[in-house]
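The structure appears below as structure tokens.
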Amino acid sequence: MLSQILAIVIFVIMFVEIVRERFPRYLVALVAGATTMVVVFLLVMHSTEAVAMALSFQSMMEPTFWYTGHEAVNEVNTGINWSTIIFITGMMVMVEGMSEAGFFDWLCLQLAKMVNYKPVPLLICFMILSAVLSMFIDSITVILFLAVASVSLANLLKFDPVPLIIAEIFTANLGGAATMSGDPPNIIIGTALGLSFGDFLVNTGLIALVALVIIVPYFYFCFRKELVSHAEPGALAAMELDPKAAIHSKKKFAISVGIFLAVVILLITHAKTGLTVSTVGVIAAILTLGTNKSPFHLLKRVDWQTVLFFIGLFVAVSGLEETGVLEAMASGIAAITGGSLTIMVIIIIWLSAIASAFVDNIPFAATMVPVITTLSATMGVDLHTLAWTLSMGTDIGGSATPIGASANVAGTAIAARDGHPISWGKYCKYSAPAAVIVIALSMVMILLRY
């Protein structure tokens with residue numbers, strides 16, 4: 001009991017300090033993670049095993065961490081999710097290589113030219129692009145890609161990139177909810193329950209499509225005035241620029257694009273090839289560093305603070321996992337549903353959404369999968385219906401706050417790194433209502449369809 005209370009207190013203090021933004025969030029997360037291991041695991045629980053589970057180094061020693069063969073293997077582990085850490089780091093290295101080759105400057109100028117250098121059409125274009133790309137590529141990769149492009153474009157056209165990045169993060173998570181390969185929680189749910197890319201597409205995909213039709217106009221009305229007010233001066237200057245001028249070396253440009261396309265293909269086909277996302281991340285980093293003349297300079301440009309933030313966050317959340325807090329919260333669902341599928345859907349989707357807004361949705365999805373499996377077996381309800389409910393709840397609920405999903409952390413980190421910090425207040429002002437709208441829509445569609 002004491003260990004549970006302490007784990008909750010540490011997590012709440014970490015959460016409050018991250019919101020207050022008085023200290024760098026990576027330091028806050030690392031201190032919280034270290035405190036969890038020392039105080040909760042060692043001093044109270046006297047468990048070195050809990051520390052080992054939190055650090056999760058043993059997961060990387062398993063062959064299935066790197067290669068699963070042709071059988072689906074659940075890659076989830078308690079504690080630090082090294083698959084996510086390695087994958088994000090590899091993608092960051094690749095994105096830095098593409099940036100150095102001038103790819104994002106070229107892309108920005110091409111997109112600006114297509115919409116006559118007007119930020120509002122760019123907002124709509126980037127939202128749709130973010131959603132579509134996230135259906136096939138992990139939403140973290142999509143945001144790493146688009147956030148850099150948005151900042152570059154905003155610098156060119158002299159407008160604030162924050163509205164673009166907020167909208168992109170939300171639509172990336174929305175598009176990721178449509179398929180098994182889009183968002184990490186869907187990978188967890190799909191591999192654990194034996195669901196396919198197509199299963200998600202015809203179920204959560206339909207919900208995501210309807211939601212996108214609503215969300216694009218929502219963000220348009222939220223940000224149109226904010227973007228228009230800064231549009232004209234930058235547009236006049238940009239009209240004289242040639243997109244091709246952004247490419248300093250055609251060879252380097254071609255190599256970076258080639259690496260990106262190769263990584264996209266590996267991500268789309270990783271379920272068939274057996275290569276895990278960890279391996280894909282390592283391949284992306286090795287190819288980028290191996291073809292770059294200054295690999296150490298490239299590594300210095302990687303946002304290591306974000307990587308450290310993820311590590312600290314995973315350890316802090318492991319305190320809630322190892323002490324049984326998440327399990328107790330999830331088990332409570334079974335006690336109050338009374339076997340009603342309607343009540344289960346309502347509770348699971350809103351509980352998942354609220355929890356995923358504050359606890360990273362990756363470990364929460366991992367905790368909930370065995371719960372819905374048990375509910376299905378004991379209550380005789382359709383497991384797939386509960387799976388779609390959990391998927392939409394975790395994916396969209398994770399969009400509500402800056403720390404709810406990995407893509408959110410990556411996108412806001414890029415914005416802050418380039419001089420455009422996104423406060424909790426501003427992020428939640430627009431994303432939280434959008435999340436409520438989509439969750440309500442998802443709940444209605446699931447209840448009506450199933």
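Working carefully through the options V142, V162, V132, V120, find the one that is in contact with a Ser or Thr (Cβ under 6 Å, 6 or more places away or on another chain) and under 26 Å from V438 (Cβ atoms).
Numbers: V162 fails: in contact with a Ser or Thr (Cβ under 6 Å, 6 or more places away or on another chain); V132 fails: in contact with a Ser or Thr (Cβ under 6 Å, 6 or more places away or on another chain); V120 fails: in contact with a Ser or Thr (Cβ under 6 Å, 6 or more places away or on another chain).
From the options V142, V162, V132, V120, the qualifying one is V142.
Taking L241 as meeting all but one of (1) surrounded by 15 or more Cβ atoms within 10 Å (Cβ to Cβ); (2) assigned to a helix (DSSP H, G or I); (3) at pLDDT 65 or above, write down the number of the exception.
Result: L241 passes all but (2).
Looking at L341, L313, L351, can you tell me which residue is under 15 Å from T84 (Cβ atoms), aliphatic (A, V, I, L, M) and out of contact with any Leu (no Cβ under 8 Å at 6 or more places or on another chain)?
On the way: L341 fails: under 15 Å from T84 (Cβ atoms); L351 fails: under 15 Å from T84 (Cβ atoms).
Of L341, L313, L351, the one residue that is under 15 Å from T84 (Cβ atoms), aliphatic (A, V, I, L, M) and out of contact with any Leu (no Cβ under 8 Å at 6 or more places or on another chain) is L313.
Out of the stretch 321-344, which residues are modelled with pLDDT of 80 or more, among the β-branched types (V, I, T) and surrounded by fewer than 23 Cβ atoms within 10 Å (Cβ to Cβ)?
V325, I336, T342, I343
What number of residues within the stretch 155-199 satisfy the criterion of being among the acidic types (D, E), assigned to a loop (DSSP other than H, G, I, E, B), under 18 Å from D395 (Cβ atoms) and open to solvent by 10 Å² or more (accessible area, probe 1.4 Å)?
Taking the stretch 155-199 first, the residues among the acidic types (D, E) are 160, 168, 183, 199.
Narrowing further to those that are assigned to a loop (DSSP other than H, G, I, E, B): 160, 183.
Now restrict to residues that are under 18 Å from D395 (Cβ atoms): 183.
Keeping just the survivors that are open to solvent by 10 Å² or more (accessible area, probe 1.4 Å) gives none.
Here the count works out to 0.
When residues of the stretch 415-450 are filtered for being closer than 29 Å to V307 by Cα, open to solvent by less than 10 Å² (accessible area, probe 1.4 Å) and among the β-branched types (V, I, T), how many remain?
0
Examine the stretch 275-289 for a residue that is open to solvent by less than 10 Å² (accessible area, probe 1.4 Å), modelled with pLDDT under 90 and not in a helix (DSSP H, G or I), and state whether such a residue exists.
Yes, the stretch 275-289 contains at least one residue that is open to solvent by less than 10 Å² (accessible area, probe 1.4 Å), modelled with pLDDT under 90 and not in a helix (DSSP H, G or I).
Taking V162, is it under 23 Å from V216 (Cα atoms), of a type outside the set (S, T, Y) and modelled with pLDDT of 85 or more? Spell out the reasoning first.
Working: under 23 Å from V216 (Cα atoms): yes; of a type outside the set (S, T, Y): yes; modelled with pLDDT of 85 or more: yes.
The answer is yes for V162.
Taking the options I215, I268, I255, name whichever one is under 21 Å from the mean Cα position of the chain (by Cα), at pLDDT 85 or above and either in a helix (DSSP H, G or I) or within 30 Å of T374 (Cβ to Cβ) (or both).
On the way: I268 fails: at pLDDT 85 or above; I255 fails: under 21 Å from the mean Cα position of the chain (by Cα).
Result: I215 is the single residue among I215, I268, I255 that is under 21 Å from the mean Cα position of the chain (by Cα), at pLDDT 85 or above and either in a helix (DSSP H, G or I) or within 30 Å of T374 (Cβ to Cβ) (or both).
What is the number of the single condition among (1) crowded, with 23+ Cβ neighbours inside 10 Å; (2) in a loop (DSSP other than H, G, I, E, B) that F364 does not meet?
Status for F364: all satisfied but (2).
Go through the residues of the stretch 137-154 one by one and say whether even a single one is in contact with a Gly (Cβ under 7 Å, 6 or more places away or on another chain), farther than 13 Å from N408 by Cα and open to solvent by 10 Å² or more (accessible area, probe 1.4 Å).
no
For the stretch 95-137, which residues satisfy the criterion of being at pLDDT 85 or above, farther than 23 Å from V264 by Cβ and out of contact with any Leu (no Cβ under 7 Å at 6 or more places or on another chain)?
P121, I124
Can you report the number of residues in the stretch 376-411 which are in a helix (DSSP H, G or I), at pLDDT 90 or above and either open to solvent by 10 Å² or more (accessible area, probe 1.4 Å) or more than 16 Å from Y430 (Cα to Cα) (or both)? Give the steps one after another, and end with the answer.
The first filter runs over the stretch 376-411 and keeps only residues in a helix (DSSP H, G or I), leaving 376-379, 383-397, 406-411.
Among the residues that remain, those that are also at pLDDT 90 or above are: 383-397, 408, 411.
In the following step, the residues that additionally are either open to solvent by 10 Å² or more (accessible area, probe 1.4 Å) or more than 16 Å from Y430 (Cα to Cα) (or both) were identified as 383-395.
The qualifying residues number 13.
The values are calculated or read from the model by the stated rules, or taken from the named source; none is laboratory data. Remember, predicted model here, so these are calculated numbers, not experimental data. Note: ideal-geometry Cβ built from the backbone for every residue, glycine included; neighbour counts use all protein chains shown. What goes into the accessible areas is simple: the full protein's heavy atoms, side chains included, and nothing from ligands, DNA or RNA. Shrake-Rupley method; radii C 1.70, N 1.55, O 1.52, S 1.80 Å.
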